[in-house]
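Note sheet for the following structure.
Please treat every number below as a calculation from the coordinates, not as lab data. What you are looking at is a predicted structure, and each value in this text was computed from that prediction instead of being measured. Cβ sites come from the backbone with ideal geometry, for glycine too, and all protein chains shown count toward neighbours.
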Amino acid sequence: MTRKIIKIDKNKCNGCGACAAACHEGAVEMIDGKAVLTHEDYCDGLGDCLPECPAGAISFEEREAPAYNRDAVLAARHRKAKEQDTKTLHTGCPGTQVRQMAHPGTESTHSHVSAGVSQLGQWPCQIKLAPVDAPYFNGAKLLVAADCTAYTYADIHKDFMKGKVTLIGCPKLDSVDYSEKIMEIIRNNGIQSVTILRMEVPCCGGLEMAVKKAMQESGKFIPWQVITISIDGKILDD
């Protein structure tokens, strides 16, 4: 059939991942640092991904394409959720074993927290590895941070991580949509607040969009904020 479907210009795509995070149907994936329409029958033609692309790499076109298959989309979502649950089960590797850490002075003010004291309160901290039902999520304040922020902002532990559960990731390197997993964490664990800590670079837009999408789909109304770090380690004004 001839219908409206998205078209991705690979030459313009900067690999930020924002379109993949915005695509509710899972039709767009990141492959080798570029956005790819991997399942034409998942694309509903509504274009949620279009306004999120900072490079103008996505447009509509009318062409022969399979009909939109809602059943296939739902089946893929179910399969993906099941795979993620399986991956997050502890299988004996110390690197994925769930742990909760207590740090002295975590109730003190920022000025009294030593710069040399880690404020990471749980393990694992990678979005891909953290189980959605880990006990440390219960009633937590959630910090979702881009990997690079830890290396650019010197005081990330005392200024942002203190008193929060920290999850880190990079949508460009991981080439996954974090939104479904983060949505489950927010929806099922009584999360008190969400802070998104991202870099100023365009590829970090994918992380921000994934978390915003997760909050929207969770049906929860909780305080949230986005903080952007410059590549020279400064907090940028909104």
Task: In sequence order, calculated HN-Hα J values of the range 206-218 (Karplus, 6.51, -1.76, 1.60; Hz; x Gly/Pro) - done: x, 5, 4, 5, 4, 5, 4, 4, 4, 5, 5, 7, 6
- [ ] Can you put THR195, THR166 in order of Cβ neighbours within 10 angstrom, beginning with the fewest?
- [x] THR195, THR166
- [ ] Beta carbons within 10 angstrom, averaged per residue: use that to sort the peptides 225-237, 53-65, highest first.
- [x] 53-65, 225-237
Task: Set of aspartates and glutamates near LYS4 by C-alpha distance (under 17 Å), chain-local residues within fewer than 8 positions excluded - done: GLU25, GLU40, ASP41, ASP44, ASP48, GLU61, GLU62, GLU64
Task: Theoretical FRET efficiency, 1/(1+(r/R0)^6), r = Cβ-Cβ of THR38 and ILE222, R0 30 Å, to 0.05 - done: 0.40
TODO: State, to one decimal in nm, how far the label point of GLU62 lies from the label point of ARG79, with both points 7 Å from Cα in the Cβ direction.
DONE: 3.3
Open item on the list: Which of rounded, prolate or oblate describes the range 2-74 when judged by the alpha-carbon gyration tensor and an a/c cut-off of 1.5?
Closed with: prolate
Task: Per-residue HN-Hα couplings for the range 58-75 [Karplus 6.51, -1.76, 1.60; θ = phi - 60°; Hz; x = Gly/Pro] - done: 10, 9, 9, 8, 9, 7, 5, 7, x, 5, 4, 10, 4, 5, 5, 4, 5, 5
Task: LYS12/LYS128 FRET efficiency (R0 22 Å; Cβ-Cβ; nearest 0.05) - done: 0.20
Task: Modelled FRET efficiency - R0 22 Å, THR152 with VAL117, Cβ distances, 0.05 increments - done: 0.65
- [ ] Quick one: which residues, 5+ away or cross-chain, put their amide H under 5 Å from the amide H of GLN126? H built at 1.01 Å from N.
- [x] ILE168
Task: Around PHE60: net Lys/Arg minus Asp/Glu count, Cβ-Cβ under 13 Å - done: -1
Open item on the list: Distance cut-off 32 Å, Cα to Cα: go down the list LYS10/LYS220; LYS158/LYS212; LYS12/LYS80; LYS34/LYS158; LYS10/LYS80; LYS80/LYS158 and report the pairs above it.
Closed with: LYS10/LYS220; LYS34/LYS158; LYS80/LYS158
Task: Footprinting exposure proxy for TYR136, TYR153 (fewest neighbouring C-beta atoms within 10 Å first) - done: TYR136, TYR153
Task: Proximal charge balance of MET199 [Cβ under 13 Å; K/R count +1, D/E count -1] - done: -1
